[in-house]
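The values are calculated or read from the model by the stated rules, or taken from the named source; none is laboratory data. Computed from a predicted model, the values in this text were never measured in an experiment. Virtual Cβ from ideal backbone geometry, glycine too; neighbours counted across all protein chains shown. To get the accessible areas, we keep the full protein, side chains included, count just its heavy atoms, and leave off ligands, DNA and RNA. Shrake-Rupley method; radii C 1.70, N 1.55, O 1.52, S 1.80 Å.
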Amino acid sequence: MIKIAVMASGRGTNLQAIIDSAKKGEINGKIEIVISDNPNAFALKRARDNHINTKAFPYRQYKNKDEYEQNIFNCLESYNISLIVLAGYMRLLGSRIIKEYRHRIINIHPALLPSFPGLHAQRQAIEYGVKVSGCTVHFVDEGMDTGPIILQKSVEVKQTDDEETLSDRILEFEHKLLPRAIQLFAQNRIDVRNNKVYIK
Ligand code: GRF
């Protein structure tokens, strides 16, 4: 069983998908802790309801980004975490954590990267007029949604879609893709060579 930390800033439906999948025995891992920058995140309540440890690091309570990151880093180390899952964590991770956990941090992004990185990916897709979008699970590197891609799923964009309807359709697939990627990691089936992912 690998030890997993999930970081989430908001409602936590992806966290819930991981919890449910783990309960069904589909993930050879245990969520040791859920970390948030937002003490009021609904994700933390979901964790507590499932008897998972939680820790909030309200960004403004720290002198600067370094101190904020150092506290999160210490927390991760204290739980002996082998995989960090960003599930709607709305801040960029600092270089210290990215370096120490290289190819051990994954993120879910609601678009087919490298299209539409950053915030409001679904809105970007609607505004561009693409006919297909989707979701991507990737390793986190120093860039914005640029790390090696692990899994992707395409999702149709309908011409009647708005940001909300498209987000809802993509979200259903996020909830399948993220637990699947976690399980691949837990089974040690992910190789990264030259910035590309190979599934064993
Ligand atoms: C998801 O759309 C995810 O792709 C993005 O942030 C959203 C988080 O949703 N990174 P939730 O908090 O998991 O419900």
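Here are the numbers for this structure:
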read-out	value
Packing-based ranking, highest mean first, of 154-164, 97-107 given that Cβ atoms within 10 Å are counted	97-107, 154-164
Accessible surface, region 8-61, averaged per residue in Å² (probe 1.4 Å)	52
Residue among Lys55, Lys30, Lys63 with the largest mean-square fluctuation in a Gaussian network model of the chain, springs linking Cα atoms under 10 Å	Lys63
Nitroxide proxy distance, nm - points 7 Å out along Cα→Cβ at Gln187 and Asn71	3.9
Met90 - accessible surface, heavy atoms, 1.4 Å probe, Å² rounded to 10	120
Proximal lysines relative to Lys65, as straight alpha-carbon distance under 29 Å, when same-chain residues fewer than 8 apart are discounted	Lys3, Lys30, Lys45, Lys55, Lys99
Packing-based order for 185-198, 120-133, using average beta carbon neighbours within 10 Å, highest first	120-133, 185-198
Karplus (6.51, -1.76, 1.60) ³J(HN,Hα), θ = phi - 60°, over region 171-178, in Hz, Gly and Pro reported as x	4, 3, 7, 4, 5, 8, 5, 5
Principal axis dimensions, largest first and in whole angstrom, of region 2-195 by Cα	48, 39, 38
Ile2 long-range amide H proximity, modeled H, under 5 Å	Gly29, Lys30
Cα-based reach from Lys158 at 20 Å (exclusive), listing aspartates and glutamates while leaving out same-chain residues under 8 positions away	Glu127, Asp168, Glu172, Glu174
